[in-house]
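A quick write-up on the structure given underneath.
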Amino acid sequence: MKKTLSLLLALIMAFGVCATAFAGDGGTNVVVTISDKGDLVVVNQTVSVKDVDKDGSVTINDALYCAHEEFYNGGAEKGYKYTVTTGEYAGISMVMLWGDENKGSLGYYLNDAMAWSLADPVKDGDYVYAFSYKDAPGFSDNYAFFDKKSADVDSFGELGLVLSKVGFDASWNTVTLPVEGAEILIDGKGTGVVTDKDGKATVTVTRVGSCVVSAASPDGSIITPPACSVNAKFNLVNIITYYFNYIVNLIKGFFYSVNPIKGLFAE
């Protein structure tokens with residue numbers, strides 16, 4: 001009986017060790033977005049990240065390396081580079097993103113906030129955004145982000161968003177500010193909808209299925225393209241209503257432009 005119990009206990013312990021080892025072999029799941037001089041090239045992709053640089057922790061650097069391994073043609077060897085320095089100014093620096101050194105004008109954020117270093121640790125569910133500055137000489141691009149990274153809506157239904165950017169106050173402390181006058185884009189195409197003074201906008205998602213909602217830089221400034229991954233579920237009533245109203249407004253506009261009956265359709 002004692003031998004049986006001892007054997008059973010040994011098997012349980014062995015199973016626990018194997019299970020722990022198996023679980024530890026998995027990566028840290030981090031959401032990564034990358035923009036290249038104003039163009040979104042990786043959008044809200046969940047990446048399994050491991051300690052590829054062997055510094056003892058899973059970091060922003062590891063997340064970007066693994067993202068290039070998965071999504072860049074040629075992998076991280078061709079698309080991503082970093083350097084590690086020692087001595088008085090020891091640290092780690094990114095020198096290439098998405099296959100372009102961009103004269104060293106590269107940036108990255110963690111969870112929509114400025115990161116201290118590529119060596120900052122990441123955990124499951126963290127959000128990493130890396131970008132090449134559009135204004136490479138002046139570093140004037142402002143990091144911008146929506147209040148949501150993903151959304152489920154009915155097709156031809158409305159999506160409300162708030163667009164913000166990271167700025168600085170008089171003492172160079174980081175602050176979050178609304179972005180006014182940015183046009184909302186769906187799959188890179190303008191919608192004619194712009195954000196108000198509070199950064200708010202409501203856009204009709206004229207799609208069925210998945211799409212990416214972003215925003216163009218407002219006049220007089222440059223923002224990094226924000227990204228919201230949207231799943232638009234098929235809704236027949238919304239589609240019929242949208243095109244019915246479109247046709248009615250088209251006919252109304254035509255007749256309103258004809259002088260003899262100009263006031264017929266006046267509000």
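Annotation: of all residues in segment 160-195 being in a strand (DSSP E or B) and of a type in the set (S, T, Y), the one that is nearest to S217 (Cα to Cα) is S164. In segment 177-189, the residues that are over 16 Å from L159 (Cα atoms) and surrounded by fewer than 21 Cβ atoms within 10 Å (Cβ to Cβ) form Cβ pairs under 6 Å with partners that are of a type in the set (G, A, S) and modelled with pLDDT of 95 or more, at six or more places apart or across chains, as follows: P178/S164; P178/G199. Taking the criterion of being within 19 Å of G125 (Cα to Cα), under 22 Å from the mean Cα position of the chain (by Cα) and not in a strand (DSSP E or B), the residues of segment 39-70 that qualify are K50, V58, I60, N61, D62, A63, L64, Y65, C66, A67, H68, E70. Checked across segment 233-243, the condition of being part of a loop (DSSP other than H, G, I, E, B), at pLDDT 85 or above and assigned by TED's automatic domain parsing to the domain that holds S164 holds for at least one residue. Residue check: W116 meets all listed conditions (1) free of Cβ contacts under 8 Å to residues at least 12 places away in the same chain; (2) not in a loop (DSSP other than H, G, I, E, B) but one, namely (2).
Taking E77 as the residue in question, decide whether it is at pLDDT 95 or above and under 21 Å from the mean Cα position of the chain (by Cα). Here the answer is no, as E77 does not meet what is asked. Of all residues in segment 55-71, those that are in contact (Cβ under 8 Å) with a residue 24 or more places away in the chain have Cβ atoms under 6 Å from Cβ atoms of residues that are among the polar types (S, T, N, Q), 6 or more apart or on another chain, in V58/T28. Here D219, D198, D187 are screened, and the one residue that is on the phi > 0 side of the Ramachandran plot and of a type in the set (D, E, K, R) is D187. Among the residues of segment 124-176, those identified as without any contact (Cβ under 8 Å) to a residue 60 or more places away in the chain and within 30 Å of K233 (Cα to Cα) are D147, E158, G160, V162, S164, K165. What's the number of the only condition in (1) surrounded by fewer than 17 Cβ atoms within 10 Å (Cβ to Cβ); (2) part of a strand (DSSP E or B); (3) in contact with a Pro (Cβ under 8 Å, 6 or more places away or on another chain) that D198 fails to meet? The single condition D198 does not satisfy is (2). Restricting the search to segment 202-232, which residues are among the polar types (S, T, N, Q) and assigned to a loop (DSSP other than H, G, I, E, B)? Those that are among the polar types (S, T, N, Q) and assigned to a loop (DSSP other than H, G, I, E, B): T206, S217, S221, T224. Counting only residues that are closer than 19 Å to A216 by Cα and part of a strand (DSSP E or B), segment 132-157 holds 6 of them. Restricting V128, V153 to residues that are within 20 Å of the chain's Cα centre (by Cα), in the same structural domain as I240 (by TED's automatic domain parsing), aliphatic (A, V, I, L, M) and closer than 29 Å to S48 by Cβ narrows the list to V153. Could we say that T174 is closer than 25 Å to L40 by Cβ and out of contact with any His (no Cβ under 7 Å at 6 or more places or on another chain) here? Here the answer is yes, as T174 does meet what is asked. Working only within segment 124-147, note down all residues that are closer than 20 Å to V32 by Cβ and of a type in the set (S, T, Y). Selection gives Y127, Y129, S132, Y133, Y143.
The values are calculated or read from the model by the stated rules, or taken from the named source; none is laboratory data. Computed from a prediction, not measured in an experiment: that's the story for all the values here. Please note: Cβ atoms are built from the backbone with ideal geometry, for glycine as well, and neighbour counts cover all protein chains shown.
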